[in-house]
Amino acid sequence: MPLLPSIYTVESVTKGHPDRVCDQIADRILQEITAQDPSARVAVEVFGCKGVLTIGGEVTTHAQVDYAGLAREVLDAVAYDPVEIRLHLIEQSSQIGGAVSEGGAGDQGIMYGYATSETQSGLPLGVELSRALTDGLERLRESGELPWLKSDGKSQVTIRDGQPEVIVVSAQHDENVSLEEVREELLKQISPLLFKEGMGVVTEPRYLINPAGAWSTGGFNADSGLTGRKLAVDGYGGVLPGGGGSTHGKDNSKVDRSATHKAREVALKIVQEGLAKEVLISVAYAIGVDEPVMLHAINENHEDITHLLDAEVFRASNLR
């Protein structure tokens, strides 16, 4: 019995979605800090709503960072309105820092990594398609091909027996364009994305384009955003197990980030080497402890293939 169900639904969001904007700001801050100070301890969270953006968390570093400037870089890239930026940052707890400095995991937690031979990327078809759709929306906006297209957007894909059954795309647009034009142009532009070589799509799905109607007010003017709220989008759509921690805004001592990426990397390698058609790796840690408290892998037949894993690779100290 395959690890993926025969019927499932997954979603993706664009760079201009409020939650994804907050993820990008947290990651941009992390990138700048660790470029200056590779041993920095970073756990940044971002919350945004109409007119206000708050950057909070724990940072221990000697790096000199313009937090507000980095946030505005991200906001400008998705054409968001100006906001008031507030900072609430403290140093990492010395008790946590001491445990991490000895090579232990920065927190407890469970992480998963999955790969499949179904697609070239190793991602489930639904995840691959939903991301292709939001990537397509971004290209259309950034290129100016659809000048009325704005940055907030989402996609959703329902898969039945290995083929897309229903495609949902919601895209923010200028208030001066008609809903009819939005639907016609988006359908014309996005439907070919599903049938690219290597996707394996052979059946035409049902399309729902902006099913709620006109959508001219988006971003923080319509919704709040929060770092780490799109866990299923970042992973495997909620179809497979997912850990409880976000990968965004965290240095590699945080196993939520580093072990999640490593588990995915190792699972993909096993599939690419032809040792399994599907792989699901599960790994768990205790705070301050280097060695995982759990390391397990199964294939598409739910057979234990943990022997294919190198336990040393998953030591917290080796993930940094």
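Read-outs: derived from the displayed coordinates by stated rules, not from any lab. The structure presented is a predicted model; accordingly, all values stated were derived computationally and were not measured. Methodologically, a virtual Cβ is constructed for each residue, glycine included, from the backbone with ideal geometry; neighbour enumeration extends over all protein chains shown.
Annotations for the structure displayed:
- For the pair segment 6-41 / segment 124-183, the C-alpha centres are spaced 20 Å from each other.
- The chain, Cα convex hull volume normalised per residue, Å³: 128 Å³
- Each of 74, 65 was scored by other Cβ atoms within 10 Å of its Cβ. Arranged with the fewest first, they read 65, 74.
- The length gained on full extension between residue 287 and residue 223, counted as 0.36 nm times the residue separation minus their Cα-Cα distance, comes to 19.6 nm.
- Amide H within-cut-off set for residue 173, under 5 Å, with H built and near neighbours excluded: 150, 215, 216
- Three-way shape call for segment 181-320 based on the alpha-carbon gyration tensor, with the a/c threshold at 1.5: oblate
- Using a cutoff of 8 angstrom between alpha carbon atoms and counting only pairs six or more residues apart, the relative contact order for the chain works out to 28 percent.
- Order of 294, 1, 199, 111 under a 10 Å beta carbon neighbour criterion, fewest first: 1, 294, 199, 111
- Coarse-grained scattering of segment 18-101 at q = 0.14, 0.24 Å⁻¹, given as base-10 log I(q)/I(0) from a Debye sum over alpha-carbon atoms: -0.47, -1.16
- Segment 238-248 - phi-based ³J(HN,Hα) in whole Hz, Karplus 6.51/-1.76/1.60, Gly and Pro as x: x, 6, 10, x, x, x, x, x, 6, 8, 8
- Pairs from 154/262; 150/230; 188/230 whose Cα-Cα separation, in the structure shown, is over 25 Å: 154/262; 188/230
- Across the alpha-carbon atoms of segment 52-201, the computed radius of gyration and Dmax are 21.2, 61 angstrom.
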